[in-house]
Each structure stands twice: as C-alpha cells, then as structure tokens.
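Notes follow once the structure below has been shown.
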Amino acid sequence: MTIDQLKGNVIVNESMLTGESVPVTKTPISTEHDEFFDVKQHGKHILYGGTNVIQTRFYNGALVKAMVIRTGFLTSKGELVRSILFPKPVDFQFNRHIYRFIHCLAVIALCGFVYTVILKMSREVPFKNIIIKAIDLITIIIPPALPAAMTVGVVYAQSRLKKQEIFCISPRSINISGCLNCICFDKTGTLTEDDLSFSQILPVNLDTVTYELPIENPSSLKTYNKLIGCLTTCHSLTLIDSKLIGDPLDQKMFEATNWSLEEPEINDTNKFDLLAPTVVKSNYQNIENENVEIGILKQFQFSSSLQRMSVITRKLDDQNYVVFTKGAPETIFSLCDQNSLPKDVYDRLHEFTEKGYRVLALATRDLHLSFVKMQKLSREETEKDLIFLGLLVMGNMLKPETKDVINVLKQANIRPVMVTGDNMLTALSVSRECDMINSNDQVILLEIDEENSLPNHHRLKWKFASQPSHVNSTSIKKDQMPLHNLDSNNLNEICLSIEKDLHIAITGKTFSIIRDEFPESFLEQIAIRGTVFARMSPDQKQQLIELLQSVDYYVGMCGDGANDCGALKAAHAGVSLSETEASVASPFTSKKPNISCIPKLIQEGRASLVTAFGILKYMACYSLTQFLSVIILYTVRNNSFKYQIL
Ligand SMILES: Nc1ncnc2c1ncn2[C@@H]1O[C@H](COP(=O)(O)OP(=O)(O)OP(=O)(O)O)[C@@H](O)[C@H]1O
C-alpha cells in the first residue's frame, strides 16, 4: 500500500526502496498552498508499501493519519515484485545475436521440414508418419532445452554471488555485467567512508565579516551563539531506543557539540509549543544556572537536488524564531546577503576542498513573525537573505578497499568515473587519492564563462586543474595554461595536443548547459574523456549514465544513497551498497559496504557469459550435426535406432 500522510510524523526505513539505510522522517503534507499532488515532488510526505515504519510521532493523542493512494502492484513493494517477475529488458548484443541465430536455425528447420514433406510424399509414406518425421526434424534443429541450458551459467553465478553477499533481483543482468567497460562511482559512502570525521569549524565574526580562528572542539564553547545554535539544531536526527539516528554527517556535527537531544514525549517540549518535536540542550549551564534549550519547530529536510536543509527554531528565553540553514557552500553563498560573506570566502573554501575535505556552509536568519505566520512560511521564503555563519569542515577518508579496486579495474581496461553531488575540488582530490586520476595525468576543468555568456547562449572556458605540488607541469605548453574560451571544435584539438593522459572534470551546472545548448558531438567528447562529474543532481547522474550508454559503453553504477536511484536503474548493471537484501533501486545489492563487489560481479558475469557461449556453441554443433545426419538418413531411406542416436 502506498499511503499519503496527512497527520503526524513517521520515521521510516526506506532501504528497500532506495538502498539507503539511514531512516527518513516523513512529515504531513502542507495544506497551506494550493498545489497539485505529485508523487515524485511530494515523496517526503508519502509512506511507501514495503518500507519499515520505525516510529510514529503524534501530538495531543491525535494518531498519525494517512490516506491510501495506491494498492497492489502499483505500490513500491508491488514494483519490487514486478521487477523480479518481469525484469527490465536488457539491450545486450549477445541476446540479440542469440535471437538472430535462432532465426537462422528456424529457417534451416523450415527448409528441412519442406524437404522431408516433399521427399516422404514422393515415396507415398502415410500422412501421419510424414508429419511426425517432419516435426521431429524441427525439434532436432531447435533444441527445446536451449533456453534452460543457456541459464545454467547464470544460475550458478547468481548462487556464487549470493555467497559473496551480492544479491541479484534481475539474473539477466549477470551476463551483461561481464561486458562492463565503464563503472561510475558515487563518492560519499561508496569510495569514501560514510562515517565522516569532524575536523573543524571556521567561524565568521559577524561584526567585522572576517574569518576568526578555527574551532576544533565546539564542545568547549560555553556561551551560546548563532554558530552553536546552527550546529546543534540544523539536522534531522532523531532518537530511537535512546540512540541518535540520522545522516552520519549530521550525527558527527551534533556529537561534536556534546549537546543532548530530547524528543516530544518529554513534557519539556510544552515550554515551546505542543508542536515542538525536538529540543536540544546545552552541555553547560549559563549564569542563571540553567541549560540552554532550543526547540526545533519546523524542518525543511535535506534534499540532494537543493543541496541544503533548514530548520526554524526558538531558544527557550527568546521571542524570535531563528532560521538555521546548512548545505553546499556554493548554494548557501547564493542565498546569503552578499555583505555577510567575507572577502576571502572562496579562497578559504578552496583551501579545504583542495585537500579533499567535505565542506558545508552554515547560515542563519532572524524571523520576526507570529507563530501562525512562521508555520505557514514556505521553503523559498525561509531560505533567503541569510547571514553567513561559517564553514563546517569534515574529514572525508577513502575506504581501505577503494584504491586497490580502482587499480584492478584500470588494469582490466575498465574505465572508472566519479559522479558525485559534492564539490569539484573535493571530488578531484579524492579521485587523485584513489588513483582514478594518476598524479601525472592532466585534468581539464570545463566551466561556464559567465562574463561572456548570453542568457541562452553560454560560452565555456577551460583551465588545467591545479596539479599536486610534486608534479612537474613544464611539459605543458605555456599558451595552454591560462583560461581559454572554448567551442565545440577546439575541445578535441586541445585534448589531442596534450601528450599526457587527459581527464575532463565538469560540474552538474556545466553539464546541463552543454546538454541543452551544445552539439551532441561535444557532449560525446565529454562522455569519452570525463572522469570527474561533481555537483551532479540525482537526475543529472541518470543523464550521464544514459549519455555513456549512447556512446556504446556498457555502464555499471555503484552507489549507496537515495540520490543514486535513477542512475542505478539506468545503468546496465547497478550495484547498490546497502544492508537490505533487495531494493527496487538496482538489480544488484552488495551487503559489504565497499566497492570490492565490482570486480567480483564482473568476474562472475564473465564466467556466466563464457558458459553461455560454450553451451550455445555445443548445442548449435550438436543439433546441426544431428540435423544433417537425419536428413541423409531420410534421403537414403534409413533411420537411426534409439541407441544409435544416443
Ligand atoms: N545532511 C546535510 N545537510 C545539509 N547539506 C548537506 C547534507 N548532506 C550533504 N549536504 C550537501 O549537499 C551536497 C550534495 O549532497 P548529495 O547527498 O547529493 O551528494 P554527496 O553526499 O555530496 O556526494 P555523493 O553524490 O558522492 O554521495 C553535499 O556535497 C553537501 O554539500
């Protein structure tokens, strides 16, 4: 059953749907604004069939109410069952060749059938015998056991994959995974650890609008300020069995402050309002010997496509409501009052991202509104005119298996590609660290030339991404160093003029402008040479997979989160790293949360493919030989006995 939620909050595990094991909070749909219901757009308010409700939250005894909008096969669980029963047809050359081969056999069988009928009729054999002999010939040339025999390899490969904790809901995809020659990887949680480490906060002095000294231990701060308010409230953490559950990034950020979180059953929430779902409390006491308490009154959840989340809060002794927002720095900067940004805001951001840190920007805004008006405030109205508070810097460690697997793939001539929602410089640094880009390779960064662009006629410029300091870049001609304007003709020339291995890196924004405004050939060059695709939205990840397929790559996708679902489904072989055994998100699910499953999958795919080839050759030779011998025997008025055939 798919249910549209109307009242109360629900915490659900949607891993069956998305592969992501972090619980998601579902909130009631807003009735303030007139808008058409859209299943995709309002996904945060929908409970899906087959997903697990971990907890329900309701206030004043009003139980969670929901309306059923879909049942049976139309629900997500139904979709999973349907995708197992009727897997998506895979366009695989081998399958096409098999069908062509069977057509050829059918033609041969038809010729044999006609020949037998004519031959036997000329010899005045009884009609019944003619039919038996002629039909016998058809079953000889097209062996009925062929389809079953062809799946033997797949069945064995599937059971071997299962032993290695790789589960498959679409066995047809096993053969195709033996042909993969390009694998796209999501970054966070796939190549790098999901469990980020808190590194530091770079606060901004709100009076001088300059950066202050970094704070490495926010729990040592004993006075309340907006920055602490943001770190402690701007998250979607929840308590389940007294354990903090939610996005690992949010968890690390909150734990670093050493504040505590309390949930609604606790009567204290009444101090704010009956609707206050969560309260955070300081780890210290102020001059009045009281803990600082902040209630989180409203939440705009994190969305990969918006790259940010916000909360509306109220401090216990405050009259005003305060908005706290955190998200991708580029997005937050654009929502901030530009006067609140320090002059060196981008320099400091680059400093961290170049070293591979995952950086988020924090911002705030005071709301002087009544409670009712605050409740009605839309996301757009809330997240504007923000005041920049500082940068949150998190360590982003590679998983131990990543580097070896990338090298194994490269040795096997399988192209690794990174497609991530994170910052370009962080992505580049990680791609170098995991050997996706070797230290000597050149990377071209394609960007939109904002200054020389017209609204629907953008121009591009390019530059070399800065090299790690130990690499000598003198072999690059001087005139190639500065930023260049670029059109579709000269990208190829530039790429060919560089003697080193070359990679292209672009962001989601540039990618969609190239898709919309540039010729297809230009986009194809990006597909062939692109190694790092950063700041990609979930839709763009899927578009990239389709683009790679259009230039004849057999594309695999390995990801771990809800933002990879589209790409996982679009790929020839999608592997989701998840705790669940099966998810609708992809044909393969690996319980081991690292990319070591990819070489195993390719190996098993190849083994299954080789078995299928072998069986096909054997069956073809066997049936053709038998067909010829039977035709000869029919012609010389003879027939083989049972034991002769055997
Ligand atoms: N919990 C969060 N709250 C606010 N902003 C976030 C949160 N998680 C991620 N972000 C920001 O949104 C951006 C996009 O996130 P998204 O989940 O799409 O991709 P990602 O996690 O960075 O990378 P990947 O696609 O490799 O998993 C992140 O780079 C980060 O700047």
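The values are calculated or read from the model by the stated rules, or taken from the named source; none is laboratory data. Because the structure is predicted, anything quoted here is derived from the model rather than measured. Glycine gets a Cβ as well: all are built from the backbone with ideal geometry, and neighbour counts include every protein chain shown. Side chains are part of the model used for accessible areas, which takes the heavy atoms of the whole protein and leaves out ligands, DNA and RNA. Shrake-Rupley method; radii C 1.70, N 1.55, O 1.52, S 1.80 Å.
Calculated from DSSP H runs of 4 or more alone, at -39500 (n - 2.57) each and per residue, what is the 222 nm mean residue ellipticity of the chain, nearest 500? Result for the chain, helices only: -11000 deg cm²/dmol. Counting only alpha carbon atoms, the long axis of helix 402-411 and the longest principal axis of the chain meet at about 40°.
Put Lys509, Lys399, Lys40 in order of accessible area, largest first, 1.4 Å probe: what do you get? Kindly include the intermediate steps, with their values, before the conclusion.
On the way: Lys509 120, Lys399 15, Lys40 165 Å².
Putting Lys509, Lys399, Lys40 in descending order of accessible area: Lys40, Lys509, Lys399.
Could you provide, to the nearest whole Å², the per residue accessible area of the chain with probe 1.4 Å?
Details: 30900 Å² over 646 residues.
For the chain, the per-residue accessible area is 48 Å².
Helix 597-635 versus the longest principal axis of the chain: what angle, 0 to 90°, nearest 10, using Cα atoms? The helix 597-635 is inclined about 20 degrees to the chain.
Between the DSSP loop rule and a limit of at most 12 other Cβ atoms within 10 Å, which trypsin sites (Lys or Arg not before Pro) in the range 311-357 are left? Intermediate values should be presented prior to the final figure.
On the way: sites: Arg314, Lys315, Lys326, Lys343, Arg348, Lys355; in loops: Lys343, Lys355.
Listed in order of number, the matching sites are Lys343.
The distance from the alpha carbon centre of the range 524-550 to that of the range 131-193 is 27 Å, rounded to a whole number.
The modelled label-to-label distance between Val53 and Glu290, using points 7 Å beyond Cα along the C-beta direction, is 3.7 nm.
Please give the contour-minus-distance gain from Lys592 to Glu450: 0.36 nm per residue of separation, less the Cα-Cα distance, rounded to one decimal in nm. The partial results should precede the final answer.
Values: separation 142, 0.36 × 142 = 51.12 nm, distance 4.36 nm.
Here the segment from Lys592 to Glu450 would lengthen by 46.8 nm.
Computed from Cα atoms, the angle from the helix 93-122 axis to the main principal axis of the chain rounds to 20 degrees.
Give me the extension gain from Val68 to Glu380: residue separation times 0.36 nm, minus the current Cα-Cα distance, reported in nm with one decimal. Can you show the working numbers first?
On the way: separation 312, 0.36 × 312 = 112.32 nm, distance 2.93 nm.
Once the chain is fully extended between Val68 and Glu380, it gains 109.4 nm.
Apply the Debye scattering formula to the chain, with a single equal point scatterer on each alpha-carbon and no solvent, then give log10 I(q)/I(0) at q = 0.05 Å⁻¹. Each listed q maps to, in turn, -0.31. Heavy-atom accessible area for Tyr618, with the other protein chains in place and a 1.4 Å probe, reaches approximately 140 Å².
Based on the Cβ-Cβ distance from Asn320 to Glu520, what FRET efficiency comes out when R0 is 60 Å, to the nearest 0.05? All intermediate terms of the calculation are to be shown ahead of the outcome.
On the way: r = 53 Å, r/R0 = 0.89.
So, using R0 = 60 Å, E works out to roughly 0.65.
Each of the peptides 377-388, 539-550 was scored by the mean count of other Cβ atoms within 10 Å over its residues; in descending order, highest first, they stand as 539-550, 377-388. Each residue was assigned an accessible area with a 1.4 Å probe, and for Asp344 the value is about 60 Å².
Here the Karplus curve 6.51 cos²θ - 1.76 cosθ + 1.60, taken at θ = phi - 60°, turns the phi angles of the range 347-352 into couplings of 4, 5, 5, 4, 3, 7 Hz, with x standing for Gly and Pro. Once the Cβ-Cβ distance of Phe37 and Leu624 is raised to the sixth power relative to R0 = 51 Å, the FRET efficiency obtained is 0.30.
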